[in-house]
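What follows is a set of notes on a single structure, which appears directly below.
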Amino acid sequence: MTRFIALQARENATGEFEQALVERDIDELPAGELLIRVRYSSLNYKDALSASGNRGVTKHFPHTPGIDAAGVVEASSVAEFSVGDEVIVTGYDLGMNTAGGFAQYIRIPASWALKRPQGLSLREAMVLGTAGLTAALCVDKLEQAGVTPDAGPILVTGATGGVGSIAVALLAKLGYRVAASTGKAQQGEFLKSLGAQQIVLRSELLEGSERPLLKEQWAGAVDTVGGDILFNVVKSLRYGGSAACCGLTAGVAFKGSVLPFILRGVNLLGVDSVELPLVVKASMWDKLSLQWKLDGLDKLVSEVGLVQLPEAIAQILAGRLVGRVLVRVD
Ligand SMILES: NC(=O)c1ccc[n+]([C@@H]2O[C@H](COP(=O)([O-])OP(=O)(O)OC[C@H]3O[C@@H](n4cnc5c(N)ncnc54)[C@H](OP(=O)(O)O)[C@@H]3O)[C@@H](O)[C@H]2O)c1
């Protein structure tokens, strides 16, 4: 029997959710072809929803969240992976209803795992994590829709968040003029250090919500917040522009009209990083490890151990986090 440490979310006697470190046995993990010793995980908004009892993310508690994990294969029952392989796992059911990466071990189907691309260390992969993969998918979708650096500025909403901050850095690296929208007025210098050329306050993006169309401003947008902000973003796309929609921190409702679509020919592009075929995830990780490799990510990452995770979870739920939280599991 091998014992290991995991962060567990559970409901207390008064019906509130709390997180605590527990000792578990490997035999308690679900069945799966790969047993992985986790070295790093990362904190995403969805992890915080799971850790705080959101049944839309996780149905049964106690539960170990963590939709991201990077580590080393300790046991494999498939030919594609050998003991000692370094792997990355993001999404699918990891951390949702399958015990996740906020633990020293996970056991998963082999079809969820990717071998670490040569150009990224396990640590670098988890600095990016699902947030980085999602940012890359958003940029890829915009480019597939014909957005180019010379088409005009690209707006990133929720810019100080995990997906947002990496999207700002990636777009800037690729030569786009980036306008970063944030609710944190004091983080303008941070966003500029990532490559943003213009800072737009979140409150400005809510102006004119009663109007059917707004001034054409953005050639493209990466929207990580949804709700009324997303609709105003769509209304301010330039003719033929595109917005990649991936998040819901401002709300899930999308109230709008067809006018931006039928008068300006704009595109709203859905982005999912969870159930995406593994081969597409692999192609994004390859890009992130080669031509899209981001230097200087240290300025957007803070590193915590499992012990400090509950505090970081509270911060992300309150919308107070800036950048990415890397979880050092060992
Ligand atoms: N589709 C997918 O596959 C996928 C993958 C990853 C994440 N997501 C979603 O994308 C979103 C961002 O994820 P994340 O991990 O980057 O989260 P995060 O680090 O918490 O970033 C979210 C950012 O949104 C802004 N924000 C917070 N509360 C807001 C509010 N009430 N109204 C407007 N903006 C608000 C904040 O940025 P500012 O203060 O700078 O405005 C915050 O930093 C989440 O909804 C997450 O579930 C989706």
Region 62-91 versus region 1-42: alpha-carbon centroid distance in Å: 15 Å
Principal-axis tilt of helix 122-144 within the chain, Cα atoms, nearest 10 degrees: 30 degrees
Cubic angstrom per residue, convex hull over Cα atoms of the chain: 128 Å³
Ascending count of other beta-carbon atoms within 10 Å, so fewest first, for Arg3, Arg107: Arg3, Arg107
Crossing angle, helix 162-173 versus the chain [Cα axis fit, 0-90 degrees, rounded to tens]: 60 degrees
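Fewest to most neighbouring Cβ within 10 Å: what's the order for Phe190, Phe254?
Values: Phe190 21, Phe254 14.
Exposure proxy ranking, most exposed first: Phe254, Phe190.
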Karplus 3J(HN,Hα) series, Hz, for region 90-99 with 6.51 cos²θ - 1.76 cosθ + 1.60 (x for Gly, Pro): 9, x, 6, 9, 4, x, 8, 10, 10, 3
Contact order normalised by residue count of the chain, Cα under 8 Å, 6+ apart, percent: 18 percent
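Sorted from fewest to most neighbouring beta carbons within 10 Å, what does the list Lys255, Lys192, Lys46 look like?
Lys255, Lys192, Lys46
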Calculated log₁₀ intensity ratio I(q)/I(0) where the Debye formula runs over C-alpha points of region 130-270, q = 0.11 Å⁻¹: -0.32
Region 130-270 - percent relative contact order, Cα under 8 Å, separation 6 or more: 23 percent
Kirkwood Rh and Cα Rg combined as Rg/Rh, region 1-111: 0.97
Between region 161-239 and region 259-302, the alpha-carbon center distance in angstrom: 16 Å
Highest to lowest packing among 180-187, 291-298, 36-43, scored as the average C-beta count within 10 Å: 36-43, 180-187, 291-298
The chain: Lys pairs at Cα distance under 18 angstrom, eight or more positions apart or on different chains: 18
Projected-area average for region 190-330 over all orientations - Cα convex hull basis, square nanometres: 10.8 nm²
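Readers should treat all values here as calculations from the given coordinates under stated rules, not as data from a laboratory. These numbers were taken from a predicted model, which means no experiment stands behind them. Cβ atoms come from the backbone with ideal geometry, glycine included; neighbour counts cover every protein chain shown.
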